[in-house]
Amino acid sequence: MNKFLISIVIPIKNEEESIEKLYLEIIDVVKKNKINYQIVFVDDGSTDKSYQILEKLHKLDKKIKIVKLRGWFGKSIALQAGFENSNGEIIITMDADLQDNPIEIPKLIKMLGEGYDLVSGWKKNRHDPISKTLPSKLGNWTTRLLTGIKIHDLNCGLKAYKRVVVENLHLYGELYKYIPVLAEKQNFKVGEIIVIHRPRKYGKSKFGWQRNIKGFLDMLTVTFLTGYMKKPAHFFGTIGIMLSFIGFLIGVYITYLRVFTGTIQYRQPLLFLGMLLMIIGIQLITTGLLAEMLVNLDQKENLTEKYIEEKLF
Ligand code: UDP
Ligand code: MG
């Protein structure tokens, strides 16, 4: 198991009480299993003592890398920055709040060895308040229905990736919640494994009720991104062509009336509707073509360099 370098990427937002304990737990697991590791902590604009604690750990253990973001950018950017500043052939992500148990790491790595590209934890026995587990169940269920993915717990913090997968994720906004969908739609083999989940002992959850309102919009984004990411012109173009065609038929009818009866017989509203449909339709078609140009922009450069204030490697 010490063949590959394993990068453990951990986003941190105000987790001062948990960081050291988490570090000790991880060290225990990697030593026992002879894992060749590297830990990348990403400080997502913490306002407590998290960063000072990280600096201290970094002095003790050179296998720790710290990436300090300039301020708070959210979990997606924190993870993305961690991916871009890690070197492992295998990447593990986990939450810093001790809810995920590092003891699961060897099992996740083993599953990657069995041919999976991404292995996602499943908090089957979850220790969170119902205000969180219920919306989460509903969200997971709807996403499974819309996207056809088989995973039960999309947004588990504990995941293992082959490097090629993270190289093809461009996380921003709340996309981190749908990583398994984003990966599977790129034909990566996605698996899941039941993991231990512990109650949060220190600090607070960083996500409140607003999470549920945003959830619905996120789902639309992801369905769109994964369904049409490669071909936005098909999405916009199909609707555009349909609308223009209806508009065109109305135009033909109005022209027929004018030519053969000499008047359009109080059909002005219909004339306007026809014109409107054609204009909207053509706009949608051109929007699709613009989106197509965006998709084809080369996005190889590091995406998070601009957010980073300091790096301790
Ligand atoms: N986190 C972060 N930026 C944020 C929110 C959270 O880096 O804007 C980190 C947080 O420190 C923790 C992980 O992401 O390590 C998961 O956060 P949390 O435990 O609050 O999420 P929950 O368990 O409530 O889903
Ligand atoms: Mg948590």
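The values are calculated or read from the model by the stated rules, or taken from the named source; none is laboratory data. It should be emphasised that the depicted structure is a prediction, and the values quoted were computed from it without experimental measurement. FYI the Cβ positions are ideal-geometry reconstructions off the backbone, even for glycines, and counts take in every protein chain you see. In case anyone asks, the SASA skips ligands and DNA or RNA and just uses the protein heavy atoms, side chains included. Shrake-Rupley method; radii C 1.70, N 1.55, O 1.52, S 1.80 Å.
Here are a few things to note about the model shown:
- The chain, accessible surface, carbon-and-sulfur percent (1.4 angstrom probe): 64
- Computed with a 1.4 Å probe over protein heavy atoms only, the accessible area of Val29 comes to about 20 Å².
- The residues of segment 223-262 expose, per residue, 65 Å² of accessible area to a 1.4 Å probe.
- Here Arg258 sits with roughly 130 square angstrom of accessible surface, probe radius 1.4 Å.
- When each of Lys59/Lys306; Lys49/Lys110; Lys56/Lys206; Lys34/Lys204; Lys124/Lys204 is checked by Cα-Cα distance, pairs over 27 Å: Lys49/Lys110; Lys34/Lys204
- Point-to-point label distance, Glu292-Phe272, nm (Cα→Cβ direction, 7 Å offset): 3.4
- Computed over protein heavy atoms with a 1.4 Å probe, the accessible surface of segment 1-119 works out to 39 Å² per residue.
- Angle between the chain longest axis and helix 19-32 axis [Cα atoms, degrees, rounded to 10]: 70
- Three-way shape call for segment 44-183 based on the alpha-carbon gyration tensor, with the a/c threshold at 1.5: prolate
- Ranked order, His197, His152 - accessible area, probe 1.4 Å, largest first: His152, His197
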